[in-house]
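A quick write-up on the structure given underneath.
The values are calculated or read from the model by the stated rules, or taken from the named source; none is laboratory data. Quick caveat: nothing in here was measured; it's all calculated off a predicted structure. Here the Cβ positions follow ideal geometry from the backbone for every residue, glycine too, while neighbour counts run over all protein chains shown. With ligands, DNA and RNA removed, areas are computed over all heavy atoms of the protein, side chains included. Shrake-Rupley method; radii C 1.70, N 1.55, O 1.52, S 1.80 Å.
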Amino acid sequence: LTSVMVPLLESSILKRSVNRNLWLGIALSFAGVVLLTADQAASAAASTSASSFSLASMIKGDLVVFLAAIAYSTHVLRLDGYAKKVAPLQLAFGKQTAQLGYSSMLAWVPALLSPPRMQSYSNFASSLSHDQALQMLMIVIWNGAISSAFTSYAQSYGQRRIPATLASLLFTTQPLWNALLCSIFLHESIGAIGIGGITLVLAALSNSLLKLSEDSEKSKEI
């Protein structure tokens with residue numbers, strides 16, 4: 001959804017033009033992600049009983065995803081402006097500081113106001129063995145240093161050099177990496193529909209990046 005919402009918001013609210021080549025890439029990548037998602041959903045449905053699915057929960061989940069896509073699309077567009085004015089390290093530090101503050105507040109304030117929840121936190125911590133505590137510490141370090149801090153810096157650095165719409169197009173590779181890692185570590189299979197979706201996403205990226213390279217070469221010649 002982000003790959004579609006970013007150009008829509010950019011053209012409708014910010015009044016910026018998005019060239020046809022990027023629109024083509026967006027359409028192809030969106031279709032590819034839909035196919036890949038459908039393939040994964042079919043695999044999940046085949047291994048799960050029908051009674052465990054609920055229409056209400058699906059609608060609720062889709063709504064949350066839709067709102068998250070709007071929020072992240074807004075973030076990509078805002079970052080497009082700030083990244084060209086502020087150093088990437090400064091942007092990443094500000095984002096991670098805010099993220100740490102908000103997440104800590106959301107985690108601890110409800111617990112402090114609820115003795116049963118605080119007790120459950122305490123019980124969970126006391127039940128961990130030394131090895132489990134060490135594993136959780138490594139997970140926290142990885143999520144903080146790589147998944148959060150490094151990705152914030154990399155995105156801020158990258159969006160100084162490419163437009164927001166192309167950045168959102170690059171983000172559509174995330175489901176591809178998810179499918180690849182699940183295939184390697186969880187031994188999940190990728191069906192023909194999923195392979196077709198991956199092909200469309202890669203074709204969209206190749207087409208858009210080649211066009212960007214051609215435009216860059218022409219601007220240098222001028």
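Worth pointing out:
- Residue in the stretch 100-109 that is surrounded by 11 or more Cβ atoms within 10 Å (Cβ to Cβ), among the aliphatic types (A, V, I, L, M) and touching a helix residue (DSSP H, G or I) at 6+ places or on another chain (Cβ under 8 Å) present: no
- On inspection, Ser127 passes the criterion of being of a type in the set (S, T, N, Q) and loosely packed, with under 10 Cβ neighbours inside 10 Å.
Yes or no, residue by residue, for (1) in contact with a Lys or Arg (Cβ under 6 Å, 6 or more places away or on another chain); (2) open to solvent by less than 90 Å² (accessible area, probe 1.4 Å); (3) at pLDDT below 85:
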| position | (1), (2), (3) |
| --- | --- |
| Gly144 | no, yes, no |
| Ser147 | no, yes, no |
| Tyr153 | no, yes, no |
| Ile162 | no, yes, yes |
| Leu166 | no, yes, yes |
| Leu170 | no, yes, yes |
| Leu186 | no, no, yes |
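- Here Leu35, Leu91 are screened, and the one residue that is at pLDDT 85 or above, aliphatic (A, V, I, L, M) and part of a helix (DSSP H, G or I) is Leu91.
- Residue match in the stretch 14-30 (condition: in a helix (DSSP H, G or I), more than 22 Å from the chain's Cα centre (by Cα) and at pLDDT below 80): yes
- Against the conditions (1) in contact with a helix residue (DSSP H, G or I) (Cβ under 7 Å, 6 or more places away or on another chain); (2) over 29 Å from Gln159 (Cα atoms); (3) among the small types (Gly, Ala, Ser); (4) modelled with pLDDT of 85 or more, Ser73 satisfies every one except (2).
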